[in-house]
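Novice: I'd like to ask some things about the structure below.
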Amino acid sequence: MTLVYRLLLRSLVSRARVVALVAIGLVGVLIALAIRAADLVEADRTVAITRDLLGGYGLNLVVPVTALVFASAAFGDPTDDRTMVYLWLTPLPRWRLVAAGWAAALTVAAPVAVLPVVLAAALAGADGRLVGAAAAGAALATMGYTAVFLGLGLLVRRALAWGLAYVLIWELAVARISKGAARLSVSVYSRSVLSAVGEVVKPRNAAAVSTSLIVLGLVILAATALTTRVLARADVA
Amino acid sequence: MTAPVAVASPPAAPVGATIAVDRVSKWLGPVVALSDVSFSIGPGVTALLGPNGAGKSTLLRILCGLTSPSQGSVRVLGANPRTDLGLRRHLGLVAQQEALFEQLRAFDIVALSAGLHEVADRDVAARGALGLVDLDPDDARPVRTYSKGMRQRVKVAAAMVHNPTVVVLDEPLEGLDPRQRLRMIELFVQLGAQGRTVLVSSHVLDEVERFGSQVLVLAKGRLAASGDFREIRDLMDERPHRLRLRSSDARRLAAALMAGGSVVGTHLESAESVLVDTTTVGAFRRAVARAAAAEGVRLLEVTPLDDDLDSVFRYLVGR
C-alpha cells in the first residue's frame, strides 16, 4: 500500500496545482490581516467577523475546493493519462488502493487547506481556542471532503466542474435551507465543530460535536466504500 | 547475431486450456466490438491477428479483467480475470497505449511493477526483466526521453518482472526496429517454449508468421478463423485473387491462360492490360510465365490488386 501511496502522492503534487490553491488560501490570510488592521473597537464584532471568515471563506471555500482538486485527481490523473492500467493489474485488494489514494490526497490537501485557515484565524486576532477550533474544523472538513471527492475522478470526466457544482448547490445552498439536507452536509458538521470548540455562534442546522464526529467518520467510511466499489467495477483503458 | 535470451521459468506449467473464452460479446454503446467469440488456448505462443478496429484490444482487455464482457464468460487459469485478484500475480500485460510514468526511470517503472505484484526482491527482478529486453537498469534518464521502441521494451519488462504464467501483449512489436523485432519474437517464442501461455496481437501478417504459432483471426469483432498458422495461410491463398497483367499482347495471353485453366475469369482493359481472377495463386504464377513464353508474348508486369490485409480479412469473414 505504501508503494501505491507514494506513486499517487508523486503524481498529485504538481507546482501549478499547489500554487493555485495556496493563492486561494492566501486571500483569506490577507482578509485576516485587513481585519486586524481595521482595529475594531468592539471585540465581539472582531470575533464575529473572524468566525464568518473562518466558516464562510475557510470551511466553505478553501477547504472543499482544495480537497476537490487533490482528491478527484488521485484516481482521475491516472485515468486521464492511462497509467491506471498498472495500478489495476496489481493483486492488491481494491480497498487498499482507495485507502492509499485517500491518504495521498489528504497528505497534500491538509497542509494546503488547513494552514491558511489557521493562519487567518491567528492573524485576525482570534484567541487560542478559536484558532484551535479553526484547525479542528478545517482538518475534519478536509478529511470528509477528500473522501467524498475521491471517487469523482473515476466516475466523471469533468470532476472539478461536478465537484464545484456539488459544493455550491448542495453544501452552500440546499443544506442551509433544508434541515434534512443539512444532515448530509460535510460543511454543516465541520462548522458545528468550529462553533462548539471555539465557543462562537452556531451555524444554522448545527449538530452536537459528538454527532458531528460520528457522522463525519461514517461519511468517510461510506465514501471510501463507494469509491472501492466504483474502482472495482471501472472499465480501465 | 543476438545473444540467447535468458528467461526465468514460470512457477508451474499449466496443462490444457489456460485461456477459455465462451461466446463472448462486447458492446460499446451502439458499436459491437466483439460478437459471439469462442476459443480456448493453452501454453505456447498464440497470435491474435486482425486489422485495426477488429476488436483485438477489447478482447485482450477482457482477458486481463480491465473490462467485463457484455455477454459470455472468460476463464484464465480457471479464474475470472475481472474479479479474482489473485490471478493478477500470474498475468502480465503489455497494453497498447504508450502511457508510462513519464518522470520515472525505466528501472523505477519495472521495480514499481514488481512491487505492485508483490515480488519479494524488486530490484533483482527489475534488473533481470530489463536485461531480457536489452535495456540498461542503470540508465538515469527518465522514460519521457526514450524512443517509442525503448518505451515498448520497458512495457514488456514491466509485464514480465513478476514471472507470469500468462502473458498478454497488445501490438508489442510496434515501434521496434527490425533487430529488436527479431529479438522480441525470439523472446516470445522462448516464453512459449517454457510452457507459458503467450497471446500476442498484431495486424501484420508477416510478423505473425515468424511466431510459427497458433493463430486466431479476428475481423469485425468476429473470430474469422483459428488454427495453425500454415492452415490459415493456405486458407488465405485459396481465396480468389485478382491480378493485373501488362504484356505486349494482353488478349493472346488471356486466351492462353483461360485455355490452361489457371484463371477463372478475365477482363480486358486495353491492348496491353488484362485483369485476371484466379483461385490458385501459386499455380497461376507458374502458368503465366509458361503461357507467355509459349505464345511469344512479352510479360511486362504482374500486379496483385487485393493482397492487402483488409481484403484478406474481408474474405475470411465473408466465407
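Novice: On a 0 to 90 degree scale, rounded to 10, what angle separates helix B:122-132 from the longest Cα axis of chain B?
Specialist: With both axes taken from Cα atoms, the answer is about 20 degrees.
Novice: Looking only at other chains, what is the average number of their beta-carbon atoms within 10 angstrom of each beta-carbon in B:95-102?
Specialist: Mean number of neighbouring Cβ atoms from other chains: 5.
Novice: In the stretch B:19-236, with Lys and Arg counted as +1 and Asp and Glu as -1 at Cβ, which of these residues, B:VAL21, B:SER73, B:VAL189, has the Cα nearest the positive end of the dipole, that is, farthest along it?
Specialist: The residue sitting farthest along the positive end of the dipole is B:SER73.
Novice: I've got another one for you. Work out the mean other chain Cβ neighbour count within 10 Å for the residues of A:79-88 and drop it here as an integer.
Specialist: 5
Novice: Relative to the longest principal Cα axis of chain B, at what angle does helix B:106-116 sit, 0 to 90 degrees, rounded to 10?
Specialist: Relative to chain B, helix B:106-116 is tipped by roughly 70 degrees.
Novice: Any chance you could give the angle, 0 to 90 degrees and rounded to 10, that helix B:250-260 forms with the longest Cα principal axis of chain B?
Specialist: 80 degrees
Novice: Give me the log10 of I(q) over I(0) for chain A at q = 0.08, 0.11 Å⁻¹, as the Debye formula computes it from C-alpha points; what are the numbers?
Specialist: -0.30, -0.55
Novice: Then there is this: Quote the convex hull volume per residue of the protein assembly as shown, based on C-alpha atoms, as a whole number of Å³. Walk me through the intermediate numbers first.
Specialist: Details: hull volume 110.1 nm³, N = 556.
Spelled out: Cα convex hull of the protein assembly as shown, divided by residues, is 198 Å³.
Novice: Given charges of +1 on the Cβ of Lys and Arg and -1 on the Cβ of Asp and Glu, with all other atoms neutral, how large is the dipole of the protein assembly as shown about its Cα centre, in debye to the nearest 20?
Specialist: 1000 debye
Novice: Give me the dipole magnitude in Debye, nearest 20, for the stretch A:2-233 about the Cα centre, with unit charges on the beta carbon: positive for Lys and Arg, negative for Asp and Glu. Can you show the working numbers first?
Specialist: Details: 21 positive and 10 negative charges, 149 e Å.
Around 720 debye, computed over the stretch A:2-233.
Novice: So if the hydrodynamic radius of the stretch A:106-218 is defined as the Kirkwood radius over C-alpha pairs, what does Stokes-Einstein give as its diffusion coefficient at 4 °C and 1.567 mPa s, in µm² per second? Don't skip to the end; give the middle numbers.
Specialist: Working: Rh = 14.6 Å.
Taking Rh from Cα pairs, D becomes 89 µm²/s.
Novice: Once you place label points 7 Å from the Cα toward the Cβ at B:SER248 and A:LEU115, how far apart are they in nm?
Specialist: The modelled label-to-label distance comes out at 9.0 nm.
Novice: A further question on this structure: Arrange the peptides A:12-22, A:149-159 so that the one whose residues have, on average, the most other Cβ atoms within 10 Å appears first.
Specialist: Details: A:12-22: 13.8, A:149-159: 21.5.
Going by the mean number of other Cβ atoms within 10 Å, highest first, we get A:149-159, A:12-22.
Novice: OK, next. Any idea what the dipole of the stretch A:31-157 comes to, in debye rounded to 20, about its Cα centre with Lys/Arg Cβ at +1 and Asp/Glu Cβ at -1?
Specialist: My answer is approximately 380 debye.
Novice: With Rg and the Kirkwood Rh both taken from Cα atoms, where does Rg over Rh land for the stretch A:41-180?
Specialist: Radius of gyration relative to Kirkwood radius: 1.07.
Novice: Based on the Cα coordinates of the stretch B:210-294, what is the per residue volume of their convex hull in Å³?
Specialist: Dividing the Cα hull volume of the stretch B:210-294 by its residue count gives 118 Å³.
Novice: Same structure, new question: Which whole number gives the average count of other chain Cβ atoms within 10 Å of the Cβ atoms across peptide A:2-14?
Specialist: Taking all residues of A:2-14 together, the mean is 2.
Novice: To continue, here is another question. Any idea what diffusion coefficient the stretch B:19-236 gets from Stokes-Einstein, in µm²/s, Kirkwood Rh on alpha carbon pairs, 37 °C, 0.692 mPa s?
Specialist: The diffusion coefficient I find is 187 µm²/s.
No lab work stands behind these numbers, since they all come straight from the coordinates. On a predicted model such as this, the values are computed, not experimentally measured, just so you know. Don't worry about glycine lacking a Cβ; one is built from the backbone with ideal geometry, like all the others, and counts go over all protein chains shown.
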